[in-house]
Amino acid sequence: MEIRVKNDFAKGAVWRHILLQAGPLTVAQLVQILYNVIDRIYIGHLPDTNGAALTGLGIVFPIITIVAAFTNLFGMGGAPLFSIVRGKQDKETAGKIMGNTFALLCISSVFIMIFCYIFQKPILYTFGASDVTYKYAKDYLSIYLLGTIFSMVGTGMNSFISAQGFPKIAMCTTVIGAILNMILDPFFIFGLDMGVKGAALATVIAQMCSAIWVVRFLTGKYTLIRLRLALLRLEPALVKSISALGLSGFIMSATNCAVQIACNRMLSIYGGDLYIGIMTILNSVREIVSLPVMGLTSGSQPVLGFNYGAKQYERVRSGIRFTALLGAAYTLLVWIVIMLVPEFFLRMFGDNADTITYGVPALKLYFFGFFLMSFQFAGQSTFTALGRAKYAVFFSLLRKAVIVVPLTIILPQIASLGVDGVFLAEPISNAIGGSACLITMLHTVYRELGRNSKACITSENL
């Protein structure tokens, strides 16, 4: 007897499933970024700070990235594994994967919060704070850390809503938080004159509401596989599988943290607080313009994983081609726009004359060849979706730890490049790391899927 599967990604056009998943996910991720980006926009326009407040937020970036790293370790590890198991129609194991992921997110969030509170001052100075910017960084971080568990649960568990075929519900998770953040930010920052502290408080409240929404849905009657208390008991085998698959996402975020620290340190030496502030803006712009391609690759993962679990290998190949080509086309268009109107993106975060003057050439260097970044996303998401953790981990390490961090330290000392060397490290890593990741994926996983597809067809004919 045939078992009916709801939200069956093995039926209908693959590209359509990917877009239906990617659309709401892109909006959701856009709104997620707004949690922090809106803070930076408002803080960048604070009077009488000369950009020091925005630079202070830039100093906190590595800690926010560490939180994201552990969210990815369990959220990005659990959700693709959940999709593969759901494709095999094993609901019991899928439920345990979701429960274990929730428990891991909660436990790790508490440890991160406590550790950062204890070592707050030395951490911030190590990350590039000066005596001028430390106050702003401390004011923001002291409140932001209170929302660690909300941030990790809301973001990490939201992937399980998408993995069950409810991308619009997942989108609402971040829309709710972002709307609250946009409303509360000006009220706390300017209305109550709380400044940087107000931005952090607005973010925490918004993240709390998003987390409540996610948990409410996953424990409610409309979800396909319900999150229950009995599923939270950690099982070593599942923890190992979740962590192994999420390790690539963890390393990608952790190495992003290392890059941010290296950039802040080198910029403090060769350019001072002004250039740390400029890098804060460039990171914010990159987060915004990267969202559609990130949404596309995130949207492809449950579709690819489900079809892989259902042994629909040619559909997986079709999804990989569509994701890679559309991602490359989008990032090429974005690169052209950034080169044509660089000041527009800088002025979003303040009108400081020095920031605009020195920021335009920095932005053009940083985003040179931006379309090559899509290669990394396409290869990385394919490896993750199909459970190829070793490949995903390797290329995460290659691009950031092996290429970007050393270049960030070495290039400023070559031919008097100074701060230009820091900004050049990013495009060079996109070219080398992104190309290597995509080519390897095409010559390994993609070819293997082709052979498996032919074998299936031959078996059916026999």
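The values are calculated or read from the model by the stated rules, or taken from the named source; none is laboratory data. Predicted model, so just to flag it, every value in this text is computed and none were measured. FYI the Cβ positions are ideal-geometry reconstructions off the backbone, even for glycines, and counts take in every protein chain you see. SASA here: full protein model, heavy atoms, side chains in, ligands and nucleic acids out. Shrake-Rupley method; radii C 1.70, N 1.55, O 1.52, S 1.80 Å.
Summary table
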read-out: Accessible area of segment 40-108 belonging to carbon and sulfur atoms, whole % at 1.4 Å probe; value: 59
read-out: Accessible area (Å², per residue) of the chain, counting only protein heavy atoms and a probe of 1.4 Å; value: 41
read-out: Sorted largest first, extent of segment 150-201 alpha carbons per principal axis (Å); value: 43, 18, 8
read-out: Positive dipole terminus of segment 247-361, leading residue within Q312, L340, V259 (C-beta point charges); value: Q312
read-out: Packing-based ranking, highest mean first, of 221-227, 373-379, 430-436, 17-23 given that Cβ atoms within 10 Å are counted; value: 373-379, 17-23, 430-436, 221-227
read-out: ³J(HN,Hα) computed for each position of segment 104-110 - Karplus, 6.51 cos²θ - 1.76 cosθ + 1.60, integer Hz, glycine/proline x; value: 5, 5, 5, 4, 5, 5, 5
read-out: Phi-based couplings in Hz for segment 153-159 (Karplus 6.51, -1.76, 1.60; Gly and Pro marked x); value: 5, x, 7, x, 7, 4, 4
read-out: 0 to 90° range, to nearest 10: angle between helix 273-309 axis and the chain longest Cα axis; value: 0
read-out: Packing rank of 161-167, 404-410, where each peptide gets the mean count of other beta carbons within 10 Å, highest leading; value: 161-167, 404-410
read-out: R216/K168 FRET efficiency (R0 22 Å; Cβ-Cβ; nearest 0.05); value: 0.90
read-out: Under-5 Å amide H pairs with L224, H placed in peptide plane, nonlocal only; value: none
read-out: Surface share of carbon and sulfur [accessible, 1.4 angstrom probe, percent] for segment 166-214; value: 82
read-out: For the chain: relative contact order, % (alpha-carbon pairs under 8 angstrom, 6 or more apart); value: 23
read-out: Sulfur and carbon atoms: percent of accessible area, segment 251-396 [1.4 Å]; value: 67
read-out: Cα centre as origin, Lys/Arg/Asp/Glu Cβ charges: segment 346-408 dipole, Debye; value: 340
read-out: Too-long pairs where the Cα-Cα distance tops 32 Å, listed order kept, from K168/K454; K121/K400; K138/K221; K88/K390; value: K168/K454; K138/K221
read-out: The chain, dipole about Cα centre (Lys/Arg Cβ +1, Asp/Glu Cβ -1), debye to the nearest 20; value: 1860
read-out: Pairwise FRET efficiency - K91 versus R16, Cβ, R0 = 25 Å, nearest 0.05; value: 0.50
read-out: Rg/Rh ratio calculated on Cα atoms of segment 222-375 (Kirkwood radius); value: 1.08
